[in-house]
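Working notes for the structure below.
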Amino acid sequence: MKHLDHKIHAQAHAELNGTPHKKWFRSLPFLGPAMIAAVAYIDPGNFATNIQSGAEYGYLLLWVILWANLMAMLIQSLSAKLGIATGKNLPEMIREHYPHPLVWLYWIQAEIIAMATELAEFLGAALGFYLLFDIPLIWAAGLTAVVTFAILSFERFGFRALEAVIAALVLAVALGYVVEIFLAQPNPVSIAKGLLIPQIPDTHALYLAAGILGATVMPHVIYLHSALTQNRIQVDTEEKKQKLYRFTLKDVVIGMVFAGFVNMAMLIMAAATFFETGHQEVASIETAYQTLTPLLGDMASTVFAMTLLISGIASSVVGAMSGQVVMQGFVNFRIPMWLRRIITMTPALIVIMLGLDPTSVLVASQVVLSFGIALALIPLLQFTNQAKYVGSLVNTPLTQKVGWGIISVIILLNFFLLWQTFFSDTIPAGH
């Protein structure tokens, strides 16, 4: 199947060299990396934060998903730009241009973020197996590991084959939520208000908003996207790099639109099904699954569990890929994929064996992730803001201002969460 990689690569170069294909097929050779990145935006951590937000606050936090997704479009386009312009990924650029002690600190925090990410993804897939087949969580975790390894093995057939498998999984999750929305029959007026009117009614809502942000703008995929584009289609002139980047922007928009739809659909389903029927106490994935059957029927709960399982497996695959990029990029060291999977599975296995509440752990992991966003964004903006690194693809003044604005908002939110958690008498809790 590797001949497919060569064929698509040849089509991409023909397009960039001025031999265009038919209009409908011109963008096809350039699609793929953003769909892999999109998987990280619809992982089980999103299930946890969106379901809890929708059940407790109805449609009020929909605007957070909308703005987080717009942020994600900008951030992922900058990450893809860095790979195209430099031929290197973000961790490699940090290793080459930052002081050595700072590089090691970056690597350590990135590994912590990777483990928090893998915790959510692996635990979510195990929950999907558990809910669908009523098997112990520890056995479900073993199944998750086996299936993840099986999907990763597709890479030996060429990277486009792995991209195709992951894209199919993303489409399956999106289709599942089309069904869920149809069954839930949400209120369109309430959806519009939730999207257009920003509201944070209390500190617990702010905690969940931080979780939504952490689950949507994922730090590890900021590192990964630059690696996905750095050598995928190699070009040798500034003109071709600009043209390649324009096609890549289409890929980013398509991938993030899919991710945004799924995230909004999760919250809308929870709001319509639980909040509007007086089931605001539904704050866990397991309770949501059990409550869906009497409210919407067996089909709704089955589709819910299947989408959770699919998203967990797909995002676990992407998480493993990100982990390799982080380690290789920051410290120029690689370990076998199976060993890395065993290491990153460990926190999830500990959670299962200790009997901790999976949904609470998932939400907390997403808040942890929000603290890594700024640390990934600062060097990304620094490099893409300077022509000496990215040439003609340097950020416009508007992009620079918006980028620093996003970082400022994230840092302020994180400081508020730290203050609220450790120095305030009011501990974030559901209302």
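The values are calculated or read from the model by the stated rules, or taken from the named source; none is laboratory data. Quick caveat: nothing in here was measured; it's all calculated off a predicted structure. A quick note on method: Cβ atoms are made from the backbone with ideal geometry, for glycine too, and the neighbour counts reach across all protein chains shown.
Which residues, taken from segment 61-75, are surrounded by 24 or more Cβ atoms within 10 Å (Cβ to Cβ) and modelled with pLDDT of 90 or more? Once the filter is applied, which keeps residues that are surrounded by 24 or more Cβ atoms within 10 Å (Cβ to Cβ) and modelled with pLDDT of 90 or more, segment 61-75 yields Leu61, Leu62, Val64, Ile65, Ile75. One residue is enough: does segment 233-256 have a residue meeting the conditions assigned to a helix (DSSP H, G or I), in contact (Cβ under 8 Å) with a residue 12 or more places away in the chain and under 12 Å from the mean Cα position of the chain (by Cα)? Within segment 233-256, one or more residues are assigned to a helix (DSSP H, G or I), in contact (Cβ under 8 Å) with a residue 12 or more places away in the chain and under 12 Å from the mean Cα position of the chain (by Cα). Among the residues of segment 386-403, just one is under 30 Å from Tyr207 (Cα atoms), surrounded by 14 or more Cβ atoms within 10 Å (Cβ to Cβ) and free of Cβ contacts under 8 Å to residues at least 40 places away in the same chain, namely Gln400.
Within segment 104-146, being small (Gly, Ala, Ser) and without any contact (Cβ under 8 Å) to a residue 24 or more places away in the chain holds for Ala140, Gly142.
Quick grid of which residues meet (1) touching a Pro at 6+ places or on another chain (Cβ under 8 Å); (2) of a type in the set (A, V, I, L, M); (3) modelled with pLDDT of 90 or more; (4) more than 30 Å from Gln242 (Cα to Cα):
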residue: Ser77; (1), (2), (3), (4): no, no, yes, no
residue: Glu96; (1), (2), (3), (4): no, no, yes, no
residue: Leu105; (1), (2), (3), (4): no, yes, yes, yes
residue: Ile112; (1), (2), (3), (4): no, yes, no, yes
residue: Leu119; (1), (2), (3), (4): yes, yes, no, yes
residue: Trp139; (1), (2), (3), (4): no, no, no, yes
residue: Gly142; (1), (2), (3), (4): no, no, no, yes
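Within segment 62-85, the presence of at least one residue that is within 14 Å of the chain's Cα centre (by Cα) and free of Cβ contacts under 8 Å to residues at least 24 places away in the same chain is confirmed. Of the helices (runs of 4 or more DSSP H) lying entirely inside segment 344-431, those carrying at least 2 residues that are at pLDDT below 85 are 358-384, 397-422.
Can you find a residue that is assigned to a helix (DSSP H, G or I), among the small types (Gly, Ala, Ser) and at pLDDT below 80 anywhere in segment 324-343? The answer is no; no qualifying residue exists.
Take the residues in segment 274-319 that are hydroxyl-bearing (Ser, Thr, Tyr) and more than 25 Å from the chain's Cα centre (by Cα), then tell me which one is nearest to Met218 (Cα to Cα). So, considering only residues that are hydroxyl-bearing (Ser, Thr, Tyr) and more than 25 Å from the chain's Cα centre (by Cα), the one nearest to Met218 (Cα to Cα) is Thr291.
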